[in-house]
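Colleague: Let me begin by handing over the structure; questions about it come next.
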Amino acid sequence: MILYNVTTSLDPEIAERWLAYMQNTHMPEVMATGFFLKSQLCRMLDEEEGGITYASQYYAVSLEQLEAYQEVAAPALRADMDKHFGGRYASFRTMLEVL
């Protein structure tokens with residue numbers, strides 16, 4: 001099992017709108033691609049002062065499945081995120097093997 005983790009730090013002014021977008025639009029769209037088995041959204045508790053950081057996590061059965069998602073579906077989903085929140089957030093992505 002592979003865990004695809006996207007950590008995102010937000011401009012506090014967009015936090016509520018971004019959270020609603022993630023829960024109601026983005027994460028359901030990611031799951032609808034069929035590349036992942038489950039997902040979850042976590043908020044970091046030990047944030048820098050004034051910062052808001054979330055980790056959206058998606059579970060794939062294999063690295064090949066995750067790579068297919070990144071090639072086929074991710075570019076359009078990232079573009080849509082930028083259309084809504086461009087310049088107001090920063091994300092980094094990690095791929096982890098679940099042991």
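The values are calculated or read from the model by the stated rules, or taken from the named source; none is laboratory data. Just so it is clear, the structure is predicted and the values come from calculations on it, not from any experiment. Because the Cβ atoms are built from the backbone with ideal geometry, glycine has one as well, and the counts that use them run over all protein chains shown. All accessible areas refer to the heavy atoms of the entire protein, side chains included, with ligands and DNA or RNA removed. Shrake-Rupley method; radii C 1.70, N 1.55, O 1.52, S 1.80 Å.
Colleague: How much of the accessible area of region 2-97, in percent, comes from carbon and sulfur atoms when a 1.4 Å probe is used?
Modeller: 51
Colleague: I want to check the label-to-label distance for Glu67 and Asn5. Put each point 7 Å from Cα in the C-beta direction and report it in nm to one decimal.
Modeller: 2.2
Colleague: Next up: Considering only protein heavy atoms, what per residue accessible area in square angstrom results for region 15-99 with a 1.4 angstrom probe?
Modeller: 64
Colleague: Quick check: Cα centre of region 1-63 to Cα centre of region 69-89, how many Å?
Modeller: The distance from the Cα centre of region 1-63 to that of region 69-89 comes to 13 Å.
Colleague: For Met44, what accessible area in Å² do you get when you roll a 1.4 Å probe over the heavy atoms of the protein chains, rounding to the nearest 10?
Modeller: Solvent-accessible area, nearest 10 Å²: 70 Å².
Colleague: Enumerate by residue number the GluC sites (Glu not before Pro) in region 1-92 meeting two conditions: DSSP loop (anything except H, G, I, E, B), and at most 16 other Cβ atoms within 10 Å of the site's Cβ.
Modeller: Glu47, Glu48, Glu49
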